[in-house]
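Notes for the one structure printed next.
The values are calculated or read from the model by the stated rules, or taken from the named source; none is laboratory data. Nothing here was measured: the structure is a model prediction, and the numbers come from that model. Here the Cβ positions follow ideal geometry from the backbone for every residue, glycine too, while neighbour counts run over all protein chains shown. For the accessible areas, the whole protein counts, side chains as well, though only heavy atoms, and no ligand, DNA or RNA atoms are used. Shrake-Rupley method; radii C 1.70, N 1.55, O 1.52, S 1.80 Å.
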Amino acid sequence: MSEDAWSDLDKVDQKIIEILNENARTPSKEIAAELKKSDHEVSDRTIRKRIERLEKSGIIKGYKAILTDVSGINEYQAILMKLKPSK
């Protein structure tokens with residue numbers, strides 16, 4: 001993907017990316033409502049099409065899950081030691 005692809009993004013695409021970056025599971029209806037607050041009248045269907053285009057162009061390469069430590073404590077700890085035999 002070239003630098004031109006990024007510079008060609010309009011304000012709507014930039015806002016879509018910003019919202020998805022915060023929460024990739026944000027429904028298109030919610031994204032459309034958020035854009036409406038910024039004076040951009042865009043339907044949720046248009047949002048889905050734009051996301052699809054962003055994915056196909058390589059601007060959006062994928063989504064990932066970010067896990068939290070559910071227990072609140074670190075259950076796994078590691079100590080790495082390098083021992084040198086001596087006489």
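Let's see how each residue does on (1) open to solvent by 100 Å² or more (accessible area, probe 1.4 Å); (2) hydroxyl-bearing (Ser, Thr, Tyr); (3) free of Cβ contacts under 8 Å to residues at least 40 places away in the same chain:
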| residue | (1), (2), (3) |
| --- | --- |
| 7 | no, yes, yes |
| 10 | no, no, yes |
| 21 | yes, no, yes |
| 31 | no, no, yes |
| 37 | yes, no, yes |
| 47 | no, no, yes |
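Out of the residues in segment 19-49 that are basic (Lys, Arg) and under 23 Å from residue 6 (Cβ atoms), state the one that is farthest from the chain's Cα centre (by Cα). Filtering first and then ranking leaves 49. Taking segment 50-70 as the range and being more than 17 Å from the chain's Cα centre (by Cα) and either among the charged types (D, E, K, R) or open to solvent by less than 60 Å² (accessible area, probe 1.4 Å) (or both) as the test, only 69 passes.
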